[in-house]
Number of protein chains: 2
Amino acid sequence: MERPIGVIDSGVGGLTVLHELKRQLPKEQFIYLGDTLRCPYGSKGEEEVIQYTWEMVNYLMKFDIKMLVIACNTATALVLEQLKQNLPIPVIGVIEPGARAAIKATQSNHVAIIGTENTIHSQAYEHALIRIKPNIDTTAVACPKFVPLIESGNFVLEEAKEIVEESLEFINHYPTIDTLILGCTHYPIIQSLIEEVVGPRVTVLSSAVETGFEVSTLLTFYNLYHANTEEIHEPAIFTTGKLHVFQRLKEDIFQLKNASLKHITLS
Amino acid sequence: MERPIGVIDSGVGGLTVLHELKRQLPKEQFIYLGDTLRCPYGSKGEEEVIQYTWEMVNYLMKFDIKMLVIACNTATALVLEQLKQNLPIPVIGVIEPGARAAIKATQSNHVAIIGTENTIHSQAYEHALIRIKPNIDTTAVACPKFVPLIESGNFVLEEAKEIVEESLEFINHYPTIDTLILGCTHYPIIQSLIEEVVGPRVTVLSSAVETGFEVSTLLTFYNLYHANTEEIHEPAIFTTGKLHVFQRLKEDIFQLKNASLKHITLS
């Protein structure tokens with residue numbers, strides 16, 4: 001049997017990455033772990049996020065994964081470098097792909113980033129952008145209300161639009177912004193609402209979509225592509241929390257209907 | 001001094017890749033070699049293309065390049081695997097990035113590819129697409145008139161539009177095609193004309209733009225980013241042919257105004 005790719009997130013948000021990985025790389029097998037019980041990571045202390053992330057990684061390493069995708073911006077910002085240095089497999093975060101896609105997309109050279117408080121406070125996107133393109137302009141704003149909204153499952157309500165409008169009000173004050181990075185993997189779940197609010201001037205980039213592209217690139221360069229075209233393995237989804245939000249999202253939104261879903265406990 | 005990235009092409013077409021590399025990775029230094037004297041490679045014999053490509057590579061290796069970009073679809077199709085196996089540095093072709101971008105972009109799952117006769121005959125794009133996504137539909141058509149048109153510099157004429165319309169007529173017979181890969185690095189020079197002819201139904205993807213993204217990814221994973229933010233090195237361009245088309249393109253189209261340009265001879 002070929003080795004799977006592991007995907008971790010603090011909750012359901014990383015399903016946006018899993019969806020894109022499965023769409024762009026249908027031959028690969030994926031194992032997903034969402035730590036919904038302890039979600040959100042975005043406002044937790046750094047030591048806690050590091051400990052929780054390692055617990056998820058150690059759980060998935062038992063499945064002999066060939067590559068690890070940190071489908072959580074907060075965990076990428078705080079733990080990616082440590083994981084890269086300590087794991088014997090390639091580790092991919094969601095921040096660099098989003099930053100690269102923004103550099104590719106922007107014509108005005110002014111990029112906005114939204115994310116959790118921890119991600120924005122870490123300035124991880126600014127660092128990634130500036131490391132590649134020193135003269136780029138950035139505006140980063142935390143949207144702490146988005147993750148609880150999405151995890152609650154109530155994001156179709158009128159209240160959701162009000163929260164999005166209020167949170168993205170800052171865009172109106174910067175006429176040169178032409179690109180917005182959704183710096184949290186939960187946010188693509190409300191991407192159409194975000195696009196409606198920011199209007200056609202701003203290209204909205206999902207780090208989930210771009211991470212799929214980057215995983216594909218690295219599978220080539222590490223010679224890790226799934227070679228067997230006959231077997232198709234559906235994703236296996238594990239969560240430390242309740243199953244119902246996963247159940248609904250995987251069936252209604254993510255076309256991951258045949259994925260298995262199971263509750264687990266992390267020690 | 002930091003090590004440069006080498007870029008090779010059969011002629012001026014790879015300047016579209018160089019332009020994107022410089023735009024997306026402004027801190028890096030690039031050395032470009034276009035074998036204009038022996039262009040086009042697209043209708044040459046395989047042994048000739050292999051020999052010419054190695055002559056270019058050996059020339060650039062003297063500059064201690066840290067990465068090699070094969071900015072020519074024909075050379076990628078015929079020589080990439082050989083170069084990857086024999087060079088001590090990462091080698092990136094333009095076919096995989098274009099294929100991956102098409103998989104990311106297509107919603108209908110039907111992708112068209114245009115390129116030189118050699119590239120289309122090699123089926124390199126179909127192989128790259130199917131290896132990643134076995135159920136994708138592809139339609140590939142050679143456009144042998146495009147490269148001579150572009151290298152002649154007469155691509156603003158009315159005749160150019162007629163050639164493009166005639167060459168892309170096949171698109172009209174396939175209503176499910178929603179994505180077109182420009183499978184030759186010369187073609188982005190006439191991209192706006194191509195987009196006008198195929199209309200808004202079809203997303204036109206330049207493998208040049210996507211290769212920039214892929215080079216950026218690999219610089220991260222091989223820890224090869226240019227670390228010094230102070231020095232800015234303009235690209236150095238070498239050609240085996242006449243300087244005037246390079247001169248005009250680098251100044252008028254490619255915003256590579258400050259690049260140096262020099263004629264060289266390959267033995």
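The values are calculated or read from the model by the stated rules, or taken from the named source; none is laboratory data. This one's a predicted model, so the numbers in the text were calculated from it and none came from an experiment. Because the Cβ atoms are built from the backbone with ideal geometry, glycine has one as well, and the counts that use them run over all protein chains shown.
Listed values, structure above:
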item	result
Which numbered condition residue A:91 fails, given (1) away from chain B (no Cβ under 14 Å); (2) surrounded by fewer than 24 Cβ atoms within 10 Å (Cβ to Cβ); (3) within 14 Å of residue A:212 (Cα to Cα)	(1)
Boolean, residue B:220 is closer than 19 Å to residue A:127 by Cα, more than 19 Å from the chain's Cα centre (by Cα), of a type in the set (Val, Ile, Thr) and modelled with pLDDT under 80	no
Scope the stretch B:178-228; condition within 12 Å of chain A (Cβ to nearest Cβ), without any contact (Cβ under 8 Å) to a residue 12 or more places away in the chain and polar (S, T, N, Q); matching residues	B:217, B:220, B:223
Boolean, residue B:147 is away from every other protein chain (no Cβ under 14 Å), in a helix (DSSP H, G or I) and farther than 30 Å from residue B:60 by Cα	no
Lone qualifier among B:210, B:195 - being in contact with a strand residue (DSSP E or B) (Cβ under 7 Å, 6 or more places away or on another chain), within 23 Å of residue B:13 (Cβ to Cβ) and not β-branched (Val, Ile, Thr)	B:195
Criterion (surrounded by fewer than 18 Cβ atoms within 10 Å (Cβ to Cβ), outside any strand (DSSP E or B) and among the hydroxyl-bearing types (Ser, Thr, Tyr)) met by exactly one of B:176, B:139	B:176
